[in-house]
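The structure appears below as structure tokens.
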Amino acid sequence: MNGIRKGVRKARVAAMTVVAMSMAALGPGSRVAAQVAPPATNGLPGTQGGAPLGDLTSLSGDAKVWLQDLIKINTTNPPGNEQEAAKYILRVFQKEGIAPEELPVAPGRTSLVARLRSSAVADPSKALLLVAHLDVVGVDKAKWTVDPFAATIKDGYLYGRGAIDNKAMLATNMAVMVALKRANARLNRDVIFLATDDQEQGGDASIKILIAKYWDKIAAGFALNEGGNIVLDGGKVKYVAVQASEKVSVNVAVVARGTSGHASMPTKDNPVVHLSAAVEKIGGFVTPVHYTAIVRRYFEGLAPLESDEVGKWMRALDTGDRGEHAARVISDANPQWNAMLRDTIAPTMLNAGVRNNVIPAEARANLNIRLLPGDTIDGLVLDLTKLINDPLVKLDVQTDAGLAAPPSSLENDFYADITKIAAQEFGGVPVLPYQSPWATDSAQLRLHNVQSYGLWPFPLTAEDLQRMHGNDERIPLASFVKGIDVESRIVAEFAVTR
Ligand SMILES: [Zn+2]
């Protein structure tokens, strides 16, 4: 990494490219539309009136350089090594006159916090926390068409591990902080930037530890984090899903035990056979449907956007006579909808045997279970034990379970501002509360009374989202620029006095 100065020079050129791209995204009528190749997300609406924090064009160019530089700093977790990325952000902030503070959590692992003050005495209950994690998941390099840590730009996309999850959000949060600072915005609440470690593993350097060690530095009443989507479909934003709740991950070991022996003389208690039978039964098990208030509102809001047939069954989900059939239709149509309606069980690992010719004494499978908030693992384990109905097979709940948190409220000013700005920015599309099947740092925050909402502010297609944690992760640059616009407007609406 060559430091920030070089980055700024590059930013000038980059800014021009980004402007051209984002203007091209305005579609017909844009002055430059005819001169540049349209980006992949052609059709994104442009900015809606004057930006509250001034013209963000040059800042968007800077942010693109930050995102590229952050991708180039390999923070694959494990081991994470987030310190280098934290120090990079520290230098950017220092140059902008924002005073950041490093929060050491483990060797090589540092979180970073920075605060823009509204008054001499902080009121944590009002403060807004902008959260993003520094670490990324690993890559299967052979399956990528570009170097995952080179931050390559191709056909209007920026490629790299973390291009969406979550370095785009990190760079966007940085941009919003810098925009507030450059505009000398009059804040009505503190705005706190927090870059966290170890989100992907949730281990000893995670937000859990930050909350335990540094709560006074990050205490806030509200938070914006990853986890919800601006759904781009057919070149248009279809709807916006704001994560207000999440499912809880629990691992359960399925352990079959029998007598070890020579494979030439098989016995009836071979644990490989008993485990296989158990896993097959689990694979066919359908958990009951439970609605949470958020899921109910999500499907109500989504129904008018779907085909008549799917919309009809979404509306019938909660009816006594047709609900069961409706749930089946919706579950079959879409694995994500299925995961919103019920606890899910995915067998993810199998482990047995030491030699080709030895019957092992033990065979194990791992079940990754995602519980709806409010459901308990004990009840499900009881159901599965009955289903397996085999004294040689035991279920063992592992200790690495996530924590169930209450949902964030849908009735406060912050949620109202997110909803208002998101609808404004995308031509009045529905903004729906969302319960994500995946886990984020927000659960820990919600358990500490923070009203935390998840929204990647970038319009993204399902195809782009699928690449997160997969191969060739990428973000359309026009969407990244739009995300900076969207998030800065949300934060200005909530935290800036006009
Ligand atoms: Zn993430």
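Things worth noting here:
This table checks each residue for (1) within 16 Å of the ligand (Cβ to nearest atom); (2) open to solvent by less than 10 Å² (accessible area, probe 1.4 Å); (3) at positive phi.
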site	(1), (2), (3)
82	yes, yes, no
115	no, no, no
124	no, no, no
141	no, no, no
160	yes, yes, yes
179	no, yes, no
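- Residue 102 falls short on exactly one of the conditions (1) open to solvent by 10 Å² or more (accessible area, probe 1.4 Å); (2) part of a loop (DSSP other than H, G, I, E, B), and that condition is (2).
- Single residue of segment 421-444 satisfying the filter (away from the ligand (no atom under 16 Å from the Cβ) and part of a helix (DSSP H, G or I)) that is farthest from the chain's Cα centre (by Cα): 424
- Residue identified as more than 16 Å from the ligand (Cβ to nearest atom), closer than 17 Å to residue 60 by Cα and either open to solvent by less than 20 Å² (accessible area, probe 1.4 Å) or at pLDDT 95 or above (or both) among 183, 150, 171: 183
- Matching residues, segment 445-472, being among the charged types (D, E, K, R) and within 16 Å of the ligand (Cβ to nearest atom): 464, 467
- Residue check for residue 369: farther than 30 Å from residue 307 by Cα, open to solvent by less than 20 Å² (accessible area, probe 1.4 Å) and over 22 Å from the mean Cα position of the chain (by Cα): no
- Remark: pairs (first residue in segment 164-175, under 15 Å from residue 230 (Cβ atoms) and among the hydroxyl-bearing types (Ser, Thr, Tyr); second residue more than 13 Å from the ligand (Cβ to nearest atom) and open to solvent by less than 10 Å² (accessible area, probe 1.4 Å); Cβ separation under 7 Å; 6+ apart in sequence or on different chains) = 172/63; 172/457; 172/483; 172/484; 172/487.
- Any chance residue 452 is modelled with pLDDT of 95 or more, assigned to a loop (DSSP other than H, G, I, E, B) and of a type in the set (Gly, Ala, Ser): no
- Restricting attention to segment 208-248, the residues that are within 14 Å of the ligand (Cβ to nearest atom) and either at pLDDT below 95 or among the acidic types (Asp, Glu) (or both) total 2.
- Of the numbered criteria (1) free of Cβ contacts under 8 Å to residues at least 24 places away in the same chain; (2) within 16 Å of the ligand (Cβ to nearest atom), the one residue 90 fails is (2).
- Those residues of segment 186-203 which are crowded, with 23+ Cβ neighbours inside 10 Å and within 16 Å of the ligand (Cβ to nearest atom), in sequence order: 194, 195, 196, 197, 198, 199
- Residue within segment 219-236 that is open to solvent by 30 Å² or more (accessible area, probe 1.4 Å), within 30 Å of residue 76 (Cα to Cα), under 23 Å from the mean Cα position of the chain (by Cα) and among the polar types (S, T, N, Q) present: no
- Flag if residue 337 is within 15 Å of residue 245 (Cα to Cα) and either open to solvent by 80 Å² or more (accessible area, probe 1.4 Å) or within 16 Å of the ligand (Cβ to nearest atom) (or both): no
- Members of segment 316-340 found to be in a helix (DSSP H, G or I), modelled with pLDDT under 95 and either of a type outside the set (A, V, I, L, M, F, W, C) or at positive phi (or both), listed by number: 323, 324, 325, 328, 331, 332, 335, 336
Rundown of residues vs (1) open to solvent by 30 Å² or more (accessible area, probe 1.4 Å); (2) closer than 23 Å to residue 135 by Cα; (3) touching a helix residue (DSSP H, G or I) at 6+ places or on another chain (Cβ under 9 Å), yes/no style:
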| residue | (1), (2), (3) |
| --- | --- |
| 430 | yes, no, yes |
| 436 | no, yes, yes |
| 440 | no, yes, no |
| 460 | no, yes, yes |
| 467 | yes, yes, no |
| 482 | no, no, yes |
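- Among the residues listed as 185, 205, 195, 168, the single one being more than 20 Å from residue 101 (Cα to Cα) and not in a helix (DSSP H, G or I): 185
- Evaluation of residue 297 against (1) closer than 24 Å to residue 429 by Cβ; (2) in contact with a strand residue (DSSP E or B) (Cβ under 8 Å, 6 or more places away or on another chain); (3) open to solvent by less than 80 Å² (accessible area, probe 1.4 Å) (one fails), failing number: (3)
- With respect to (1) away from the ligand (no atom under 16 Å from the Cβ); (2) in a loop (DSSP other than H, G, I, E, B), the lone exception for residue 418 is condition (2).
- Residue among 405, 363, 422 that alone is touching a Gly at 6+ places or on another chain (Cβ under 8 Å) and either surrounded by 14 or more Cβ atoms within 10 Å (Cβ to Cβ) or not small (Gly, Ala, Ser) (or both): 363
- The selection criterion, being without any contact (Cβ under 8 Å) to a residue 40 or more places away in the chain and part of a loop (DSSP other than H, G, I, E, B), holds for residue 470.
The values are calculated or read from the model by the stated rules, or taken from the named source; none is laboratory data. Owing to the predicted nature of the structure, the values given are computational and were not obtained by experimental measurement. Positions of Cβ are generated from backbone atoms using ideal geometry, with glycine treated the same way; all protein chains shown enter the neighbour counts. In case anyone asks, the SASA skips ligands and DNA or RNA and just uses the protein heavy atoms, side chains included. Shrake-Rupley method; radii C 1.70, N 1.55, O 1.52, S 1.80 Å.
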